[in-house]
Amino acid sequence: MIEPFPFIGLLLFSLAAGIVVTMISEETHSRRVGIIFSGFAMLIAFYMLYLGVTSGSINVSESYPYYIPTFGIQFLFQLTPVSFLLAFMATIVAFVTILAGNIDREEERIATSLILLFEFAAIGLFASSNLFLFFIFWDIGVIALFFMIYLLGSANRRRAAMKFIIYEIFASLLLLFGIILIYFYTPVHSFNINYIATNAYSIPGNMQTLIFLLFFVAFLTNMPVFPMHLWLPEAHTEASTQGSMLLSGILTKFGGYGMVLLFTMLPIGQAYSVYVAALATVSAFYISFMLMVQNDIKRIIAYTTIVEMSIILFGICAVNTVGTAGAAYAMLAHGFAIALLFLTAGSIKHIFAERDIRLLRGIVSNATSTAYVLLTGVLATTGIPLTAAFIGDILIFIGAVQAFSIYGAIPLVTIIMFGAYLYYVLNKSVFSAKEETSPVDYIGMPQKVGYAILLFFIFLFGLLPFVVLNFFNV
Amino acid sequence: MPDTTSLLSYVVPLCATLLIIVGMAGMLHKNRRLQFVSTTALLAVIGMVSLYMFLNGLSAIIMDSLAVYQFSMFFVLLFSTALILVNLLSYGHSNDYLSFSMLMGFVAAGMFTVAMAYSLIAILLGIELMSLPTAFMILINGKHHVEAAMKLFVLAAISIAMIAFAIALIFPYSPSLLLTSNLVNSGMKGGYLIVLSMLLFVSGLSFDASLFPFNLWIPDVYQGAPGNITALLAGVNKKVAFVALFEVLFVVMLPYSPQFSVLFEILAVVTMFFGNMAALVQENVKRLFAYSAISQAGYIAIGFAAASQYGSEASIYQIAAHTFMIIGAFAVVLWLEEKNIKDLKDYNGLATSNGFAAFTLTIFMLSMIGIPPLMGFIGKFLLFTSAISAGEIILVVIAIVNSFISVYYYGKVIFAMYAKRPREQMSMDWTVATVAIICMLFVLLLGAYPQPFINAASIAAGSLSVL
């Protein structure tokens, strides 16, 4: 139990203030301003983790006098274990993104303020206990990332940003429709997630199915999982390093968190969990095969996101405590690991001015720290013991085996599949000593600090899982 | 002895008359600044008085033709605010501000008449008073606007004829032409003539409200007219037609709500699709906004299809939201047009030459798409919820599909503006900047904290139903 102090309000307020201050600061100072504000947010989140760990549970709820009775909307925030882990991860990834992501120091003011806006949206979304607020923060986040891709990406960013916004707005409109339907079919019209979760059984079955499908497709698009994944590889290839870190690190978790909510909220979710599991399995296998023909290092990492999110969906649709805890843990781990991978990919692009693995050779001899961090990042993604992803994966598959018996272990194969390709890439491009690509530039201290922070959290949550898992009563 | 209520209630008609007189006086003294200050002051007086009467819930009937009640005061307030903005725009950008101001006096009088109408004749006169001077406004502002003016003039004449015929058709059923008089079925079976009259009313008002089969003039006229008058047409004239529809359908023809509900379902669907589909292929930005305004009219019609007090509340909110969005957008577009930036390809890299213009246009367009927490989102949300509470799920699905389509063409403009192109700086003049800032503040604040304004809309809708 955390003491009654308005942590979430403080977080949101300080980030909102940060956006304003960044926008009016000078171009050369804006990054520092962003580091201060997002660092402050990170410290608050860390303090909350400390309080949660010492007291053994996370249960925060705050309400504010902003109130729209017409929709029954209050500014009511709460943090469950799942949402707390994700919000915690979001503050750290956003901090590292501002600190280290913009290696070429381009358009720092606009980039920093967009990142702060996105962080604001992410924390608001994870903390909101009201579907209407959830939707509002969702759209703010999507718009912030749209501008992030469009303004700061590479050559074909226009097309990628268009694709991204079309998919995401499609998802958000389905979500809106679902939210309105759920509002009308709860006994007392309400958007409150807790209220809906306790009263959803009274919604008629057909309507529950419709609402479930609307939410499901919306979150599926955002996660993304096959067949709605088409926006992601392109968005990643064209986005800047910062954009990619936020996209894979935090935005995909919007959908993941939504799925957790959906399966806890609607009882009909149980009935469809087998089909969802089948879809997640298909997605994981299909994307693993897709991944094996990619040559662009950012594209490869982007595809691993889809595989990971498919596995997380697999854990969520097991609909039991272990599976859900595993999914939350895997999302936390994936956020750190994928941010680390995109950061190293950005560094490699910066150092060698090249992203194609067929042309990159001997990274280790010219960019040693980046090469070893990349190795660690790949290990962390594939769930090697002592890293956080290991705990997440093992919990997911325990949950899945409980729910689907032995078939629950099938997607485990995909981790080996994409892991094998990543090790092949490492072997070929990073640790081959026969020929060397010559560097054109070097990375600075901020990038190394960024690596260190992300690695610290990957190993922290890998080595000390039980502290956090206490929240879930696993 | 007359009490303050009845004295105050005469202020709005009096000021509207004064507006016409001041407008004509302007032709004599030929002082632009004096003219601007006096018309703005009169509009401000009207706005403040109507706000006072709205907040205190005063009601009065003036000579059996105009009524002061919360619905009318809400719209008098909205129209006077919008007219102040358009007046400011025209002061900075009209070739012939004095004649614009004179004609605006008539237009304003017509708008207030429709908003306060208590009889069908007042609606007819108000619409007439409003639409004919608009045609002359377009005509006097430059030489290339003759075609647009001609189109508007002919169509306004047709629409007035239709409304007059509609009034004639329900006259046999009605003891008087007051809005509140109950329609009695005098022997003719089923009241088919009343339904016919309703169709004629809707068709006649659809010209101005830009609902589907009667909106083909909109893009030509919006494109041909100078930007300040386009803002007037899209921001205010259109809304006046919706107000007249409220008064006719929700008061006079309330017993026939199942019929007009079906009618507006169809109108909403075809109008949304027409506007959005046509907007997809536009290259001229003004034309694009014209088509987007048509699709927005389709959204407003959803509230009519819901045919409930909740529906009219939602429509009222969306009408107000669209007023601010479109006036702000056309203000920026007007300024760009004067710099000869008209087509989508000219908009490339606008953000580098004037960041403020690109930012405000982006806010207005995001609001039109319905992105939270902007005003357009709250309006759409209210409309969708009202339609679902009336059981019209399919209509909501279609509206959502349309919102999705609209992302593409608004996105095109946003994309063009933020493309990285080196361009020289352009500075914005104060009239456009002021109008854009005021509209943006409305869109942001009433979107972020909508409750007071939703309450106002629901009070207005409630007072309409008990008139």
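Coordinate-derived values only; no laboratory data. Every value quoted in this text rests on a predicted model; they were computed, and no experiment measured them. Glycine gets a Cβ as well: all are built from the backbone with ideal geometry, and neighbour counts include every protein chain shown.
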Q. How high is the relative contact order of the range B:335-467, given as a whole-number percent (alpha carbon pairs under 8 Å, six or more residues apart)?
A. 40
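Report the gain in length on full extension from A:SER369 to A:SER61: 0.36 nm times residue separation, minus Cα-Cα distance, nm rounded to one decimal.
106.7 nm
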Q: Could you tell me the largest-minus-smallest coordinate of the C-alpha atoms of chain A on each of the three principal axes, in descending order and whole angstroms?
A: 69, 55, 46
**Q.** Set of lysines with alpha-carbon distance to B:LYS345 below 21 Å, sequence-local pairs under 8 removed
**A.** A:LYS163, B:LYS286, B:LYS412, B:LYS420
Q) Computed FRET efficiency, Cβ-Cβ of A:ASN427 and A:THR28, R0 41 Å: what is it to the nearest 0.05? A) 0.45
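Fewest to most neighbouring Cβ within 10 Å: what's the order for B:CYS15, A:CYS317?
B:CYS15, A:CYS317
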Q: State, to one decimal in nm, how far the label point of A:ASN473 lies from the label point of A:ILE166, with both points 7 Å from Cα in the Cβ direction.
A: 4.7
Q. How large is the charge dipole for the protein assembly as shown, taken about the Cα centre, if only the Cβ atoms of Lys, Arg (+1) and Asp, Glu (-1) carry charge, to the nearest 20 debye?
A. 940
Q. Using the count of nearby Cβ atoms within 10 Å as a rough guide to exposure, how do A:ARG157, A:ARG31, B:ARG32 rank from fewest to most?
A. B:ARG32, A:ARG31, A:ARG157
Q: Mind giving me the FRET efficiency for B:ASN340 and A:ASP296? R0 is 51 Å, r the Cβ-Cβ distance, nearest 0.05 is fine.
A: 0.75
(Q) Only four residue types carry charge here, +1 at the Cβ of Lys and Arg and -1 at the Cβ of Asp and Glu. Report the dipole size of the range B:1-245 about the Cα centre in Debye, rounded to the nearest 20. (A) 280
**Q.** Charge context of B:ALA387, other residues only, Cβ under 11 angstrom, K/R +1, D/E -1
**A.** -1
Q: Find the relative contact order for the range B:118-165 and round it to a whole percent, using C-alpha pairs within less than 8 Å whose residues are 6+ positions apart.
A: 40
Q: Would you calculate the separation in nanometres between label points at B:SER181 and B:LEU280, each defined as 7 Å from the Cα along the Cα-to-beta-carbon direction?
A: 4.9
Q: Would you list, by chain and number, the aspartates and glutamates whose Cα falls below 16 Å from the Cα of A:LYS428, excluding same-chain residues fewer than 8 positions away?
A: A:ASP296, A:GLU354, A:ASP356, A:GLU436
(Q) Taking the beta-carbon count within 10 Å as an exposure proxy, list B:GLU313, B:GLU128 from fewest neighbours to most. (A) B:GLU128, B:GLU313
**Q.** Links that overshoot a 21 Å alpha carbon limit, given the list B:LYS151/B:LYS238; A:LYS298/A:LYS434; B:LYS30/B:LYS151; B:LYS238/B:LYS380; B:LYS239/B:LYS380
**A.** A:LYS298/A:LYS434; B:LYS30/B:LYS151
Q: Excluding residues on the same chain fewer than 8 positions from B:LYS342, give the aspartates and glutamates whose Cα lies under 14 Å from its Cα.
A: B:GLU283
